[in-house]
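Please read the structure below before turning to the comments.
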Amino acid sequence: MIFIYNKMKLIQFHLGDHKRYYLSEYQYIETEMPSLKEQQAIAQILTDMDAEIEALEKKREKYKAIKQGMMQELLTGKTRLNSVEN
């Protein structure tokens, strides 16, 4: 099901009308499908990629919070940087 869901997300529809897309559009689309084994492999890769993206986004948020804390210390003068002259 994950494979089919992701394949359906790739379909471009002109939005604007309020209609039930399955009844009026999806049911008439014909597409080639890989074997079930290949669909499962593709779905697993997509699921793994989603998990990796989510982990990276959490990591990014953590670093943003650290940066914000460091900036706060620098702006309030709590932490001072030594200037380096060349």
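Remarks
- Test: residue in region 52-59 that is aliphatic (A, V, I, L, M) and modelled with pLDDT under 95: no
- Flag for GLY77 being among the small types (Gly, Ala, Ser) and on the phi > 0 side of the Ramachandran plot: yes
- Scanning region 70-86 for residues being part of a helix (DSSP H, G or I) and surrounded by 10 or more Cβ atoms within 10 Å (Cβ to Cβ) gives a total of 5.
- Candidates ALA65, ALA43, ALA55 - the one that is within 30 Å of TYR5 (Cβ to Cβ) and either under 14 Å from the mean Cα position of the chain (by Cα) or without any contact (Cβ under 8 Å) to a residue 24 or more places away in the chain (or both): ALA55
The values are calculated or read from the model by the stated rules, or taken from the named source; none is laboratory data. Keep in mind that this is a model prediction, so the values were computed, not measured. Counting neighbours? That spans all protein chains shown, and the Cβs are built from the backbone with ideal geometry, glycine included.
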